Amino acid sequence: MEKSKRNVSEKMLLQKQNKNNKKGDDKKNRFLISISFLGSAGPIRVVVNGDDLVSGVISTALKIYAREGRLPVLGFDVSNFLLYCVNAASDALNPWEPIGSHEGRNFVLCKKQVQQETTEERAEIIAKKPSGWKAWIMAQQVLKF
């Protein structure tokens with residue numbers, strides 16, 4: 001009887017040790033990052049897993065930003081933002097890469113710029129369309145004839 005009790009208690013101890021080891025592995029992969037937003041007061045600090053995708057980190061940061069009521073209001077569409085590593089002078093991070101693959105822990109989140117073509121097209125349309133008092137007089141004269 002005593003042997004079976006020892007075996008059961010030993011098994012329980014082994015199970016607890018295995019659970020603690022698994023939890024320790026998860027914590028080793030976590031780290032604190034700081035994300036600054038252009039035009040905002042200060043950075044947001046987020047604890048992330050090294051395996052989290054950049055797009056997931058952007059989504060989390062946008063939710064925290066909105067929850068804190070920060071200005072300017074940015075929105076929630078992840079595809080409208082780019083995440084840059086502060087330490088590396090490089091291009092924006094790929095949204096499908098894990099955040100842990102980059103050495104830095106400080107990042108900057110920027111909104112993608114609107115394409116120049118759309119603003120140029122609008123400028124052309126405005127330039128072609130007559131406006132003002134001269135256009136009104138011309139329209140009145142056309143209506144008389």
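Once the Cβ-Cβ distance between residue 71 and residue 138 is put in as r, and R0 is 41 Å, what FRET efficiency do you end up with, to the nearest 0.05?
0.35
If we sort 55-68, 37-50 on the protection proxy, mean other Cβ atoms within 10 Å, highest first, what's the order?
55-68, 37-50
Every number in this text was worked out from the coordinates using simple rules, so none of it is lab data. All values reported here derive from a predicted model rather than from experimental measurement. Cβ: placed from backbone, ideal geometry, glycine included. Neighbour counts: every protein chain shown.
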